[in-house]
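Enquirer: Take a look at the following structure, please.
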Amino acid sequence: MLSFFLRGLGLFVFFKKPGNAAWLLFFLLFQTIKIAAQEEEPPKWALSGYMKDLQSAFVVDNPLPVPIIGNEKLVIADNLLHNRLNFKWFPASGWTLYADLRNRFFWGDQPRLDAKSFASSLDAANDYFDLSLEGADAMGVAAQAMLDRFYLEFSKGKWEIRLGRQRVNWGIATAWNPNDIFNAFAFTDFDYEERPGSDALRLRYFTGIASSVEIAVQAADSLKAANIAGLWKFGLGKYDVQLLTGLSKNNWVLGGGWAGNLKGAGFKGEWSWFRELEGARESSFAATFNVDYQFSNSLYLNGGFLYNSEGRTEGSLADLFSFELSAKNLYPYRFAIFAQGLYPVMPLLNAGAAVIYSPVKAQAIFFNPTVTYSLAQNWDIDLIGQIALNQDETFNSPVQAVFLRLKRSF
């Protein structure tokens, strides 16, 4: 427990005196120190996590092509030091407390432009309760510490009850999840594997090995802003099927999904229909499916499609970076085709790429190549690209990005 206390002390001092970045560096480096002790009884707590360094460079069309800048392209370079602590406490039989702390330390061109505004923007990931601290200093450094998981779980027999900030994961498909009404996320956000959480109460009753009934209620100030829904999972032939219904932010929602086998390939899909309770009382519909297959040589292929009635059929590539993400609107365009391939080039080296194409007026394409190499046990390095293309007067790429990430798990 001494190790955990010292980590918290380092973080507290940094945010009390954000100009003293040395305290934050001390705090982050201390996460990787593992203190082992011999115990006569099984431990009642567990601690795991990782440390990542993510270097990024964005090449964008220069918004100010003036002689002072003198280039048609503008390069934006940033760095992120990312630490995560996953803490579990087992106070009694059937009870578990989860507290996962996410710490991020930014510096580079974006926070240097306006560090305080950049730090404030990080707070958007919070749900109903504010479980984060943000800070910035005059040198263009920004940081955040956030509890993105903080819930108490009780499990006994066929019952499971969770209260607090948790991941209410109702999604099945790969790239898009219309059933994920509590925690919608974007496919392009590759550096947040755990995905966002919700401040909610979740009750689940297991009716079989792969079947259950559950109800989830998300904290909100009013019924219009709340998510209150139920989910039923059951088997139907060789498929796992789910149905959901409830209220989702001033909408009545009805949805479903499936996962199974189609002649040796995996076949998954989801759909959700939303109807506004007040206001214009408009309806919207989102549906997706994907088919994936792994060959005997370990080549993995995945393809899918999204229909999103809230999406646009016109507009520019800027919509890809400015649309309002929700389960009703998972992608800025009405149609999207997804294709992905992964292959282990060598035992320690994996390569792959994903492409999303939208057959709309902009002919928008998102290209995402990746290379992963295992340096040693618990050490990985990734090279990731993100290239956006569209058709204006000519077919061009106004945005390209490359990321280099080093990760150590403990």
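Enquirer: Name the one entry in Asp180, Asp191, Asp127, Asp148 that is touching a residue at least 40 places away in the same chain (Cβ under 8 Å), part of a strand (DSSP E or B) and within 28 Å of Asn103 (Cβ to Cβ).
Expert: Checking each option against the conditions leaves just Asp148.
Enquirer: Could I ask something else about it? Any chance you could count how many residues in the stretch 163-176 are within 12 Å of the chain's Cα centre (by Cα), in contact (Cβ under 8 Å) with a residue 40 or more places away in the chain and closer than 26 Å to Asp221 by Cβ?
Expert: Let us first name the residues in the stretch 163-176 that are within 12 Å of the chain's Cα centre (by Cα), namely 167, 169, 175-176.
Narrowing the set further to residues that are in contact (Cβ under 8 Å) with a residue 40 or more places away in the chain leaves 175-176.
Now narrow it down to the ones that are closer than 26 Å to Asp221 by Cβ: none.
Residues in the stretch 163-176 being within 12 Å of the chain's Cα centre (by Cα), in contact (Cβ under 8 Å) with a residue 40 or more places away in the chain and closer than 26 Å to Asp221 by Cβ: 0 in total.
Enquirer: Same structure again: Being at pLDDT 95 or above and farther than 18 Å from Gly311 by Cβ is the filter here, so list the residues in the stretch 347-366 that pass it.
Expert: Hits for the stretch 347-366 are Leu348, Leu349, Asn350, Ala351, Gly352, Ala353, Ala354.
Enquirer: Right, another one. I need the full set of residues from the stretch 273-315 which are exposed (fewer than 14 other Cβ atoms within 10 Å of the Cβ) and polar (S, T, N, Q), in order please.
Expert: Ser283, Ser296, Asn297, Ser298, Thr313
Enquirer: Still on this model: Please enumerate the residues belonging to the stretch 214-246 that are among the hydroxyl-bearing types (Ser, Thr, Tyr) and in contact (Cβ under 8 Å) with a residue 12 or more places away in the chain.
Expert: Within the stretch 214-246, Tyr239, Thr245 meet the criteria.
Enquirer: Residues being modelled with pLDDT of 95 or more and on the phi > 0 side of the Ramachandran plot: count how many of those fall in the stretch 270-307.
Expert: So the count comes out to 1.
Enquirer: Filter the stretch 328-368 down to the residues that are closer than 24 Å to Gly266 by Cα, of a type outside the set (Gly, Ala, Ser) and surrounded by fewer than 16 Cβ atoms within 10 Å (Cβ to Cβ) and list them by number.
Expert: Phe335, Ile337, Tyr343, Pro344, Val345
Enquirer: Which condition from (1) more than 19 Å from the chain's Cα centre (by Cα); (2) farther than 27 Å from Asp78 by Cα is the one that Phe338 breaks?
Expert: Looking at each condition in turn, Phe338 falls short on (1).
Enquirer: Tally up the residues in the stretch 78-108 that are assigned to a loop (DSSP other than H, G, I, E, B) and of a type in the set (A, V, I, L, M), please.
Expert: Adding up the residues that qualify gives 0.
Enquirer: With the requirement that a residue be buried (at least 20 other Cβ atoms within 10 Å of the Cβ) and more than 17 Å from the chain's Cα centre (by Cα), what does the stretch 138-149 give you?
Expert: Val141, Ala142, Ala143
Enquirer: Among the residues of the stretch 308-318, how many are on the phi > 0 side of the Ramachandran plot and of a type in the set (A, V, I, L, M, F, W, C)?
Expert: Count: 0.
Enquirer: Of the residues in the stretch 369-395, how many are surrounded by fewer than 13 Cβ atoms within 10 Å (Cβ to Cβ) and either hydrophobic (A, V, I, L, M, F, W, C) or assigned to a strand (DSSP E or B) (or both)?
Expert: Qualifying residue count for the region: 4.
The values are calculated or read from the model by the stated rules, or taken from the named source; none is laboratory data. Keep in mind it's a predicted model, so treat the numbers as computed, not measured. Neighbour counts are summed over all protein chains in view; Cβ atoms, including those assigned to glycine, are modelled from backbone coordinates with ideal geometry.
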